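Structure first, commentary second.
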Amino acid sequence: MCVLAVILFYLIFLNKLSLTLKCYECTGYVPCGSGQTNLLVNCPGKCVVYKNQFDQGMIVRRCCYSNCGSEGLNKFEGRDAYVCSTDMCNGDQADPFLSGGSITTTTVEEGSGEEIQSTTTPVFVISTTITIKTSQTTTVSCHECTGHYSGCGTSPHTIINNCRMCMVYKNVWDGNTIVRRCCYSNCGPANTVQQYEGRQTYFCASNLCNGIGSENALPSTRGLLLADDSLPSN
């Protein structure tokens, strides 16, 4: 009986691992996307990378938990984003997809004695207009930026409109940096701290309510993760 229990636990553990992949969770303000294992998270959804136009075009690498869209260049939370589902696929090798550049791949035919052949694949950025519908009749303006930018929470350049709610959380995978964002869906009740994408997040529903000082509503760092998560190593 004990042996069967151990086998069952092992199978459940393997199944849990098979449902997750490794994604970078960080911003371009720190070295990220080129092998920094301490900035990887176990992601049950897909990896995503995009440029935050409200934070000086800063690169953002994240795990997407829901509403990720199809793989490749796609719309994610109103932005052009690259979505993928292999380990560390949202690293810096994916950045050319966001700028309309090209990705060069090198192939060698083993034993042929031929020179190495390089092929360049152009990457096309498709511009579309996205309309985000909410269940509320009113929308609010929120700050959309990270604490690495000195004006985050005060600068008008970080303001995004037509949000369902505003939110703020600490990204423990990026030096415990404060992140202020617009929430489009699955938002918690206003003026409460709820779990959102695996983090303790403060939600509010008035204009620019996630500005400086709103992070004081968050619990301590150790309370920011789900029970089965762990803090990254340095």
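The values are calculated or read from the model by the stated rules, or taken from the named source; none is laboratory data. Quick caveat: nothing in here was measured; it's all calculated off a predicted structure. Quick reminder, even Gly has a Cβ in these numbers, built from the backbone with ideal geometry, and neighbours come from all protein chains shown.
Residues checked against (1) hydroxyl-bearing (Ser, Thr, Tyr); (2) touching a helix residue (DSSP H, G or I) at 6+ places or on another chain (Cβ under 9 Å):
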residue: Gly45; (1), (2): no, no
residue: Lys51; (1), (2): no, yes
residue: Cys64; (1), (2): no, no
residue: Asn74; (1), (2): no, no
residue: Tyr82; (1), (2): yes, yes
*Take segment 68-105 and flag every residue that is among the hydrophobic types (A, V, I, L, M, F, W, C), farther than 26 Å from Cys166 by Cα and modelled with pLDDT under 90.*
Ile103
*Is it the case that Thr37 is more than 26 Å from Ile159 (Cα to Cα) and in contact (Cβ under 8 Å) with a residue 24 or more places away in the chain?*
no
*Which listed residue, of Ser135, Ser155, Ser150, Ser141, is at pLDDT below 60, within 30 Å of Ser206 (Cβ to Cβ), among the small types (Gly, Ala, Ser) and not assigned by TED's automatic domain parsing to the domain that holds Tyr29*: Ser135
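Assigned to a helix (DSSP H, G or I) and at pLDDT 55 or above, is that true of Asn15? If you could, list the steps in order and put the result at the bottom.
Numbers: assigned to a helix (DSSP H, G or I): yes; at pLDDT 55 or above: no.
No, not satisfied.
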_Please verify whether Tyr82 is under 19 Å from Asn186 (Cβ atoms), within 13 Å of the chain's Cα centre (by Cα) and not polar (S, T, N, Q), treating the condition exactly as stated._
no
*Report, by residue number, each residue of segment 20-79 that is under 13 Å from Asp92 (Cβ atoms) and among the β-branched types (Val, Ile, Thr).*
Thr27, Val30, Val49, Ile59, Val60
